[in-house]
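Every number here is computed from the coordinates shown, using simple stated rules; none is lab data. This one's a predicted model, so the numbers in the text were calculated from it and none came from an experiment. Please note: Cβ atoms are built from the backbone with ideal geometry, for glycine as well, and neighbour counts cover all protein chains shown.
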Amino acid sequence: MRLLSELMTTDVGLMSAAGILFMLGMGAFYFHYFMKHMHDDEARALQRKP
């Protein structure tokens, strides 16, 4: 419990929490971005086939 209270009350803990949230958000964004472009490329490749 002490770890959680330090994470939410100290400056270093808040910066760590912000960094973790930022990295998770960035990972989710890139996952969505790459999956969208992979599906778009696949759809374009299927359209070009005779």
Exercise. Once you list every other residue whose beta carbon is under 14 Å from the beta carbon of A43, what net charge do they have if Lys and Arg are +1 and Asp and Glu are -1?
Worked result: +1
For this session: Can you figure out the FRET efficiency of L21 with A45, using R₀ = 25 Å and their beta-carbon distance, to the nearest 0.05?
Result: 0.10
For this session: Please give the contour-minus-distance gain from D11 to H37: 0.36 nm per residue of separation, less the Cα-Cα distance, rounded to one decimal in nm.
Result: 5.5 nm
For this session: Could you state the angle between the C-alpha long axis of helix 11-48 and the longest principal axis of the C-alpha atoms of the chain, as a value from 0 to 90 degrees rounded to the nearest 10?
Result: 10 degrees
